[in-house]
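Remarks on the structure that follows.
The values are calculated or read from the model by the stated rules, or taken from the named source; none is laboratory data. Here the structure is a predicted model, which means the values were calculated and not measured. Please note: Cβ atoms are built from the backbone with ideal geometry, for glycine as well, and neighbour counts cover all protein chains shown. Keep in mind that these areas ignore ligands, DNA and RNA; they rest on the heavy atoms of the full protein, side chains included. Shrake-Rupley method; radii C 1.70, N 1.55, O 1.52, S 1.80 Å.
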Amino acid sequence: MLSDIHGNMDALQALMNNVPRWDEVWVLGDLVDYGPEPYEVIDYVRSLSPRHVLRGNHDHAVAFGVDCGCGERTHDLSVYTRVNISMKKVSKEHVEWLKSLSPVERVAEKGLEAVIVHGSPRNPLYDYMLPDLSFNDYMRMLTPSPLTLHGFRGRVTGLVVSGHTHIPMDVSLGDVRIVNPGSVGQPRDGDPRASCGLLDTETMEFRIIRVKYDVDKVLSKLRALITDGEVYQRLASILLTGKV
């Protein structure tokens, strides 16, 4: 499982070169913004022939020319990199492909039933299912609203695979288990290594895999594209520390 790659091709390649054997790839959204290579990330992801690819809120912003609706602490960084990098680098064909994606899908294959979503079943693009939420908050986010049903009726149960938070998670709450692979290109849990998840669909073991990559190489690419020194320094700090 890959999520929140955010134009970081070096992190993505490092993961794919070091992850143990896998049978299929699920991509939970946010291929663009923040990083220097959105075009390359989209093409690479497509070359993997992933079983599932979701549209994240940043992909949605690039595809439809709207705000990303992300957190306040990184919103201006998102806007800057979308205007100055993502929208300048992605092609019209890339934009149309991003438009074609859904932010949520059902999985029913090989005996596995799950919901995969960028945010939450209630709000597939924008909800943050963080590890420290209350039980009631989780239950609320697992209950789709009439405006975002996506074919769901009542609260979602079973396995829910979510991205968007940039923080790995494996939480069980009665009849539901929520897992999150963390972020490939922008980890924000204090560990700057690229993160992904590996799910064994027979044993249901979920593993977080972290891989070190050449952050300095990414920073060099960003430096060549960003003229605002403060924006560059803040992005560099996130990549170097794994914290906002």
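Applying the condition of being more than 19 Å from the chain's Cα centre (by Cα) and open to solvent by less than 70 Å² (accessible area, probe 1.4 Å) to the range 202-219 and asking which residue is modelled with the lowest pLDDT yields MET204.
Taking the range 170-197 as the region of interest, how many residues are under 14 Å from LEU142 (Cα atoms) and either charged (D, E, K, R) or part of a strand (DSSP E or B) (or both)?
Final tally of qualifying residues: 8.
Tell me which residues, restricted to the range 38-54, are in contact with a helix residue (DSSP H, G or I) (Cβ under 9 Å, 6 or more places away or on another chain), open to solvent by less than 30 Å² (accessible area, probe 1.4 Å) and either among the aromatic types (Phe, Trp, Tyr) or not in a helix (DSSP H, G or I) (or both). VAL53 - this is the single residue of the range 38-54 that is in contact with a helix residue (DSSP H, G or I) (Cβ under 9 Å, 6 or more places away or on another chain), open to solvent by less than 30 Å² (accessible area, probe 1.4 Å) and either among the aromatic types (Phe, Trp, Tyr) or not in a helix (DSSP H, G or I) (or both). The residues on offer are SER86, SER3, SER49, and the sole one that is small (Gly, Ala, Ser) and more than 26 Å from ILE178 (Cα to Cα) is SER86. Taking only pairs six or more apart or across chains, which ones have beta-carbon atoms under 7 Å, a first residue in the range 87-98 that is surrounded by 11 or more Cβ atoms within 10 Å (Cβ to Cβ), and a second residue that is among the β-branched types (Val, Ile, Thr)? Pairs found: MET87/VAL62; VAL90/VAL32; VAL90/ILE42; VAL90/VAL62; HIS94/ILE42; VAL95/VAL62; LEU98/VAL62.
Kindly check whether there is at least one residue in the range 160-169 that is in a strand (DSSP E or B), among the small types (Gly, Ala, Ser) and in contact with a strand residue (DSSP E or B) (Cβ under 7 Å, 6 or more places away or on another chain). Quick ask: steps written out before the conclusion?
Just the residues of the range 160-169 that are in a strand (DSSP E or B), to begin with: 160-162, 169.
Subset that is among the small types (Gly, Ala, Ser): 162.
From the residues that got through so far, the ones that are in contact with a strand residue (DSSP E or B) (Cβ under 7 Å, 6 or more places away or on another chain) too are 162.
Yes: the range 160-169 contains one or more residues that are in a strand (DSSP E or B), among the small types (Gly, Ala, Ser) and in contact with a strand residue (DSSP E or B) (Cβ under 7 Å, 6 or more places away or on another chain).
Filtering the range 6-37 to residues that are out of contact with any strand residue (DSSP E or B) (no Cβ under 7 Å at 6 or more places or on another chain), closer than 18 Å to VAL179 by Cβ and buried (at least 24 other Cβ atoms within 10 Å of the Cβ) leaves only ASP30.
Being assigned to a loop (DSSP other than H, G, I, E, B), at positive phi and either of a type in the set (Phe, Trp, Tyr) or at pLDDT 95 or above (or both) is a property that holds for GLY29.
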